[in-house]
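A.B. asks: Pasting a structure here, questions to come.
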2 protein chains.
Amino acid sequence: MNDQPHILVVDDHREIRDSVTRYLEKNGLRATPARDAVEMDAKLATGQFDLIVLDVMMPGEDGLSVCRHLSAKGDVPILMLTALGEETDRIVGLEIGADDYLAKPFNPRELLARIKAILRRTTLPETYAGTLSGRRIAFAHWTLDTDSRLLTDEDGAQVDLTGSELKLLVVLLERPRLVLNRDQLLDLKAGRAASPFDRTIDNQISRLRRKIEADPSRPRLITTLRGGGYCLAADVRELD
Amino acid sequence: MNDQPHILVVDDHREIRDSVTRYLEKNGLRATPARDAVEMDAKLATGQFDLIVLDVMMPGEDGLSVCRHLSAKGDVPILMLTALGEETDRIVGLEIGADDYLAKPFNPRELLARIKAILRRTTLPETYAGTLSGRRIAFAHWTLDTDSRLLTDEDGAQVDLTGSELKLLVVLLERPRLVLNRDQLLDLKAGRAASPFDRTIDNQISRLRRKIEADPSRPRLITTLRGGGYCLAADVRELD
DNA sequence: AGAGAATTGTCACGAAGTGTAACCGGGGCG
DNA sequence: CGCCCCGGTTACACTTCGTGACAATTCTCT
């Protein structure tokens, strides 16, 4: 069981990425490197992170832009890195949602200190209270209301879900078209690791399909990838 | 069974190209040589690669320019080779998107070590079913929906595909009228190399034909080129 | 707190998907 | 004309999945 804070290090320079990752790990944190915005998104989708260290200057999607997106969602704190030591950049960074800022070149110990400071400020157990309350999510011909645990058809037919069916469905809905294996699903849904030959998720999927698929023997919404896992094959949009 | 990482080695010097290719293969990787940017593009189109080793100095399109294009697409990591050991080049290389850099002349073992390091970092948890999700593709008298894995006739008749039939069909649909041999098909479909006497693809083709050909004993859509491979003989258009 | 109901995890068995081997048949070439 | 190479297809083995049954756990209501 590993409940150390998990840090995602996003920087396009290998040396910085790797040395930061190693340094954080040596100091008792978990750290995962990502090369750019694309890789970052992939890792965010399949893992749980407590903080993102983000370089401002990156090819592809720029750090500032990434930061704006992330902080709009607002669920993971951000520490920005930049080569420019100018005050204006600091202001801009903090304005668009970063939680702190550090100019390159920096002392790794200072980085660590700031990471810990942010974690102290932000570690509150509201992590997934937010994801399961007061949301309405539409996908395929269904609308899900997370408060009442009720799925409503476009014809008005209603199905209610049990707690764990709801969690599993939300995990899938938050990652449409992404292939998730049983380990990841169990981790994201229940926060625990799968034991070998664990068929829990299969069963949950089976029960969920019985409720949401038109023909549960020919699933179209939740598809199976043999040897891979499961995938929500539908477009999803959040209502408010 | 071979799902070793697949490396594309791009260098205009035959000796380097070949010795690197051989060395990587001796050490348990798959490696394919390419002489220049043109050949590289061809191989990328008909194979699935996990990393590209790219020489900076090349006739035709220059390595730096190639690298910029590739990293803009951003789906295959790059290790740059250069004869110049200057720091500026290193920075430039990394800035435009290379994942690592190695100066010639280099020790093959160091190259291997760096390749493995990049692969460790970039092997994502489980990527999008990317090309397999949310698409509708029309060809001949069929329409394929990749989400539901369903082929629909113009009369409305429907056929279900299995996961691997779908993958194979999409590989073909993305390369209409191009002859693909068994190695290429297996690489593109499953990311692995064919073992000698591997009849996997023949079987998949047979199963696919049974589902999509009007007369499976006289295939019109997927034609065989004796000694060559298979070819999708139909026009394809993507719907949205 | 305890009884009963609902939910969830585990086990087991059958079904389906996929790779491998073997056999068959056709066409080209000597 | 017969051999041989190559591809088509069938059969089968092995793995992975789906799901009913039941046990364990949690929830609810008194």
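The values are calculated or read from the model by the stated rules, or taken from the named source; none is laboratory data. Quantities reported herein were computed from a predicted structural model and do not represent experimental measurements. When we count neighbours, we look across all protein chains shown, and the Cβ atoms used for this are built from the backbone with ideal geometry, even at glycine.
A.B. asks: Condition (residue is in contact with a Cys (Cβ under 7 Å, 6 or more places away or on another chain) and within 16 Å of DNA strand D (Cβ to nearest atom)) applied to the range A:154-161: is it met by at least one residue?
C.D. replies: Initially, the range A:154-161 is screened for residues in contact with a Cys (Cβ under 7 Å, 6 or more places away or on another chain), giving none.
Among the residues of the range A:154-161, not one is in contact with a Cys (Cβ under 7 Å, 6 or more places away or on another chain) and within 16 Å of DNA strand D (Cβ to nearest atom), which makes the answer no.
A.B. asks: Right, something else. Could you please let me know if A:L239 is in contact (Cβ under 8 Å) with a residue 12 or more places away in the chain, under 20 Å from A:A140 (Cα atoms) and within 8 Å of DNA strand C (Cβ to nearest atom)? Quick ask: steps written out before the conclusion?
C.D. replies: Numbers: in contact (Cβ under 8 Å) with a residue 12 or more places away in the chain: yes; under 20 Å from A:A140 (Cα atoms): yes; within 8 Å of DNA strand C (Cβ to nearest atom): no.
So A:L239 does not fit the description; no.
A.B. asks: Something else: For the range B:67-109, which residues satisfy the criterion of being modelled with pLDDT of 75 or more and more than 14 Å from chain A (Cβ to nearest Cβ)?
C.D. replies: Within the range B:67-109, B:L81, B:T82, B:A103, B:K104, B:P105, B:F106, B:N107, B:P108, B:R109 qualify.
A.B. asks: Are any residues in the range B:180-191 without any contact (Cβ under 8 Å) to a residue 24 or more places away in the chain and more than 11 Å from DNA strand C (Cβ to nearest atom), and if so, which ones? Quick ask: steps written out before the conclusion?
C.D. replies: Within the range B:180-191, the first condition is being without any contact (Cβ under 8 Å) to a residue 24 or more places away in the chain, and the residues that meet it are B:183, B:186.
If the condition is that a residue be without any contact (Cβ under 8 Å) to a residue 24 or more places away in the chain and more than 11 Å from DNA strand C (Cβ to nearest atom), then B:D183 is the only one that fits.
A.B. asks: Restricting attention to the range A:226-236, which residues are near DNA strand C (Cβ under 8 Å from one of its atoms) and at pLDDT 90 or above? Explain how you work it out, then say what you get.
C.D. replies: Going residue by residue through the range A:226-236, those that are near DNA strand C (Cβ under 8 Å from one of its atoms) are A:226-227.
Matches in the range A:226-236: A:R226 only.
A.B. asks: May I ask you to verify whether A:L124 is modelled with pLDDT under 75 and exposed (fewer than 14 other Cβ atoms within 10 Å of the Cβ)? Step through it out loud before you land on a result.
C.D. replies: Values: modelled with pLDDT under 75: yes; exposed (fewer than 14 other Cβ atoms within 10 Å of the Cβ): yes.
Against the criterion (modelled with pLDDT under 75 and exposed (fewer than 14 other Cβ atoms within 10 Å of the Cβ)), A:L124 qualifies.
A.B. asks: Mind listing whichever residues of the range B:170-179 are touching a strand residue (DSSP E or B) at 6+ places or on another chain (Cβ under 7 Å) and within 16 Å of DNA strand C (Cβ to nearest atom)?
C.D. replies: Within the range B:170-179, just B:L172 meets the criteria.
A.B. asks: Considering only the range A:217-228, I want to know if a residue exists there that is within 14 Å of another protein chain (Cβ to nearest Cβ), in contact (Cβ under 8 Å) with a residue 40 or more places away in the chain and small (G, A, S).
C.D. replies: Within the range A:217-228, one or more residues are within 14 Å of another protein chain (Cβ to nearest Cβ), in contact (Cβ under 8 Å) with a residue 40 or more places away in the chain and small (G, A, S).
A.B. asks: If you go through the range B:191-214 one residue at a time, do you hit one that is in a loop (DSSP other than H, G, I, E, B), within 14 Å of chain A (Cβ to nearest Cβ), more than 12 Å from DNA strand D (Cβ to nearest atom) and modelled with pLDDT under 95? Even if it seems obvious, please write down each step before you answer.
C.D. replies: Taking the range B:191-214 as the starting set, the residues that turn out to be in a loop (DSSP other than H, G, I, E, B) are B:191-199, B:213-214.
If we keep only those that are within 14 Å of chain A (Cβ to nearest Cβ) too, we end up with B:191-192.
Subsequent filtering for residues that are more than 12 Å from DNA strand D (Cβ to nearest atom) retains B:191-192.
Then keep just the ones that are modelled with pLDDT under 95; that gives B:191-192.
Yes, the range B:191-214 contains at least one residue that is in a loop (DSSP other than H, G, I, E, B), within 14 Å of chain A (Cβ to nearest Cβ), more than 12 Å from DNA strand D (Cβ to nearest atom) and modelled with pLDDT under 95.
A.B. asks: Quick one: A:A194 ticks every box in (1) closer than 20 Å to A:T46 by Cβ; (2) touching a strand residue (DSSP E or B) at 6+ places or on another chain (Cβ under 9 Å); (3) within 11 Å of DNA strand C (Cβ to nearest atom) except a single one, so which number is it?
C.D. replies: (2)
A.B. asks: State all residues of the range A:215-227 that are within 6 Å of DNA strand D (Cβ to nearest atom) and surrounded by 13 or more Cβ atoms within 10 Å (Cβ to Cβ); if no residue qualifies, say none.
C.D. replies: If we filter the range A:215-227 for residues that are within 6 Å of DNA strand D (Cβ to nearest atom), which is where we start, we get A:216-217, A:224, A:226-227.
Passing the criteria: A:P216, A:T224.
A.B. asks: Which of the numbered conditions does A:R175 fail, given that it passes all the others? Conditions: (1) part of a loop (DSSP other than H, G, I, E, B); (2) modelled with pLDDT under 85; (3) more than 21 Å from A:R149 (Cβ to Cβ).
C.D. replies: Checking A:R175 against (1) part of a loop (DSSP other than H, G, I, E, B); (2) modelled with pLDDT under 85; (3) more than 21 Å from A:R149 (Cβ to Cβ), the one that fails is (3).
A.B. asks: Restricting attention to the range A:137-160, does a residue exist that is more than 23 Å from A:G47 (Cβ to Cβ) and within 11 Å of DNA strand C (Cβ to nearest atom)?
C.D. replies: yes
A.B. asks: Still on this structure, please answer the following. Could you list, in sequence order, the residues of the range B:7-31 that are under 20 Å from B:D183 (Cα atoms), touching a strand residue (DSSP E or B) at 6+ places or on another chain (Cβ under 6 Å), of a type outside the set (A, V, I, L, M) and surrounded by fewer than 21 Cβ atoms within 10 Å (Cβ to Cβ)?
C.D. replies: B:E25
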